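Below is one structure, written out as structure tokens; the observations come after it.
The values are calculated or read from the model by the stated rules, or taken from the named source; none is laboratory data. Source: prediction; values computed, not measured. Every residue, glycine among them, receives a Cβ derived from its backbone with ideal geometry; neighbour counts consider all protein chains shown.
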Amino acid sequence: MKDTLIGIEIGGTKLQVVLGENPEVIVKRHRYVVDKAKGAVGVRNQIEDGVKKLLADHSVSGIGVGFGGPFNIQTEKVSCSHQIEGWNDFEIRPWLENIAHCPITVDNDANTASLGEAIYGAGKEANPVFYVTLGSGVGGGLVVDGNIYHGAPPGESEIGHIRLDKSGKIVESSCSGWAVDSKIRTLKTTDPDSYLCQLLSNEKEGGEAKFLNTALKKKDPAAIRILDETADDLAFGLSHVVNLFHPAIIVLGGGLALLGEPLRASVEKAMPPYLMDAFAPGPKIALTELGEDPVIVGALELARRKGLIEN
């Protein structure tokens, strides 16, 4: 029986456990919806269920995990989860080893996604590669010479927490999915006659960003204004990354990146004024090539590399 790899994505709303022949070939996938009310224990029960289902029929040589929150790679403990209670100081590796009896490697999910994009996605021909994920939160990761850059523990590239002004406004408060949802909801008061606002009728609160692309195709002024405002704030936040590290490419991923070319082009257009002249016009801005799977592909790559070390 050929050895395979398991990749695990632990998010605040989504959990994936997949089997891969290698990072580019996923052969089985188990998806779960995270129930916040059940906390970390509920998520761990789902992970155990998915892993055991895959182990029942396959020989696995290693497992890679992308965890949705700060993770200390030196102590190998979760620092915290901003979305699910019960993860603080939890040691994922020994817990999983007790279940799977194979080598385990764990990293922050944005770091893991950045590795996936750098090796197998939009950044595979570039160096360094910076990846930003625009989902329920905003995270980032830097890959230099094919390896994740870690600062001092917990050392993640927390682009979402970069301040946009001295009042405390951060990238995540403007550019995350929930932030864009909130901007769209305000149209009910500020611009109720806009095409975008009309799309919200009879919709429950939450997930409003899914209507943005439809409104943009209609050239709705309110939709264009929200896109431009969000892209400008994101470009300003990313300009600090460029001025510090000068990546060759910045890859946009996460749910908000499903806006596609309108978002990419707006960020690319907004960034140059925020850069030092020597770096103009700035790095290439690209959309993820791995769709919804950069974390999973990166997790499988972590498992592959761990296996090479172990052997």
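Residue pairs whose Cβ atoms lie under 8 Å apart, separated by 6 or more positions or on different chains, with the first residue in segment 193-209 and assigned by TED's automatic domain parsing to the domain that holds ARG225 and the second in a loop (DSSP other than H, G, I, E, B) and not polar (S, T, N, Q), are SER194/ASP220; TYR195/LYS218; TYR195/ASP220; LEU196/ASP220; CYS197/ASP191; GLU208/LEU200. Figure legend. Inter-residue proximity from segment 71-82: first residues assigned to a loop (DSSP other than H, G, I, E, B), second residues modelled with pLDDT under 85 and buried (at least 17 other Cβ atoms within 10 Å of the Cβ), beta-carbon distance below 7 Å, spacing 6+ or different chains. Indicated pairs: SER79/PRO154. Kindly indicate whether any position in segment 177-189 is assigned to a loop (DSSP other than H, G, I, E, B), of a type outside the set (Asp, Glu) and closer than 21 Å to ASN108 by Cα. No, segment 177-189 contains no residue that is assigned to a loop (DSSP other than H, G, I, E, B), of a type outside the set (Asp, Glu) and closer than 21 Å to ASN108 by Cα. Filtering segment 16-37 to residues that are of a type in the set (Gly, Ala, Ser) and either in contact with a Phe, Trp or Tyr (Cβ under 6 Å, 6 or more places away or on another chain) or more than 16 Å from LEU55 (Cβ to Cβ) (or both) leaves only ALA37. Considering only residues in segment 285-311 that are part of a helix (DSSP H, G or I) and of a type in the set (Val, Ile, Thr), the one that is surrounded by the fewest Cβ atoms within 10 Å (Cβ to Cβ) turns out to be ILE309. Determine if segment 196-213 includes at least one residue that is assigned to a loop (DSSP other than H, G, I, E, B) and in contact with a strand residue (DSSP E or B) (Cβ under 7 Å, 6 or more places away or on another chain). No, that holds for no residue.
Of LEU234, LEU200, LEU238, all but one fail to be modelled with pLDDT under 95 and surrounded by 15 or more Cβ atoms within 10 Å (Cβ to Cβ); the exception is LEU200. Within the group VAL27, VAL34, which residue is touching a residue at least 40 places away in the same chain (Cβ under 8 Å) and not aromatic (Phe, Trp, Tyr)? Every option except VAL34 fails the conditions.
Quick check, is GLY282 at pLDDT below 95, closer than 30 Å to THR105 by Cβ and outside any helix (DSSP H, G or I)? In short, no.
Number of residues in segment 254-279 that are under 19 Å from the mean Cα position of the chain (by Cα) and either surrounded by 20 or more Cβ atoms within 10 Å (Cβ to Cβ) or not in a loop (DSSP other than H, G, I, E, B) (or both) equals 10.
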